[in-house]
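*Asks:* Please see the structure below; I have some questions.
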Amino acid sequence: MIRAFIAIELDPTTLAVAKDARAALGDLPARKLAPETLHLTLKFLGDVDEETARRELAALVVKTAPPFGAGTIDAFPSASRGKIVIVSCSDPSGEIAVLGKADPKFHPHITIARAKSPVDVRKIAERFGTRALGTPTRVVLFRSELSSTGANHFELAARPFTTRSALAP
């Protein structure tokens with residue numbers, strides 16, 4: 001059994017915005033996630049055998065890359081009392097939510113920090129503003145191993161998106 005999830009890998013533009021957002025947190029009392037672990041989770045599979053996880057990735061209908069849209073700093077459950085600090089993705093096409101077959105409460109986001117006690121990110125978010133995000137290139141199946149310093153992610157398989165320009169005549 002492995003602990004697994006399916007995620008969208010961040011393109012260079014989106015990763016740069018996520019790193020900038022992470023830096024904008026300054027001395028906020030939250031554990032910032034390592035840049036190499038940043039991603040947009042589509043589906044957490046939990047503890048499954050690797051074959052089942054690979055079937056889940058294969059079952060996704062991966063077409064053209066959906067744009068991430070615009071990104072802002074926010075937090076769950078709220079910006080004023082958050083424990084999970086995120087870069088919220090506007091998902092203008094709605095395709096990211098559809099790709100993950102997400103429930104109606106799903107909101108595309110990139111987790112950048114976790115706090116033990118609630119934190120208020122409203123002023124940080126206001127200073128950071130809204131930034132243009134890029135367009136992803138791959139959906140990835142990851143194995144996740146928890147440690148005392150956070151989770152380590154290992155790529156097991158990936159499926160590329162078709163670029164919109166590749167579809168042009």
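*Asks:* Set the Förster radius R0 to 30 Å, insert the Cβ-Cβ distance between Leu146 and Asp20 as r into 1/(1 + (r/R0)^6), and round the FRET efficiency to 0.05.
*Replies:* 0.65
*Asks:* Per DSSP H run of at least 4 residues, take -39500 (n - 2.57); add these up for the chain, divide by its residues and hand me the 222 nm value, nearest 500 deg cm²/dmol.
*Replies:* -6000 deg cm²/dmol
*Asks:* Take peptides 113-124, 85-96 and line them up by average Cβ neighbours within 10 Å, highest first, as a rough protection proxy.
*Replies:* The packing order, highest mean first, is 85-96, 113-124.
*Asks:* Another question about this same structure. Of all the Cα-Cα pairs you can form in the stretch 2-167, what percent are over 25 Å apart?
*Replies:* Numbers: 4152 of 13695 pairs.
Within the stretch 2-167, distances greater than 25 Å cover 30 percent of Cα pairs.
*Asks:* For the chain, what relative contact order do you get, as a whole percent, if you take Cα pairs closer than 8 Å and at least 6 residues apart?
*Replies:* Details: 360 pairs, mean separation 54.6, N = 169.
Averaging sequence separation for qualifying contacts and normalising by length gives 32 percent for the chain.
*Asks:* In the stretch 2-16, which residues have a backbone nitrogen under 13 Å from the label point lying 7 Å from Asp49's Cα in the Cα-to-Cβ direction?
*Replies:* Residues passing the 13 Å test: 2.
*Asks:* Between Lys83 and Val98, what is the label-to-label distance in nm when each label sits 7 Å out along the Cα-to-Cβ direction?
*Replies:* 3.4 nm
Laboratory data are not the source of any read-out in this text; all were calculated from the coordinates shown. Everything numeric in this text was worked out from a predicted model, so none of it was measured. Using ideal geometry, Cβ is built from the backbone for each residue, glycine included, and neighbour counts are taken over all protein chains shown.
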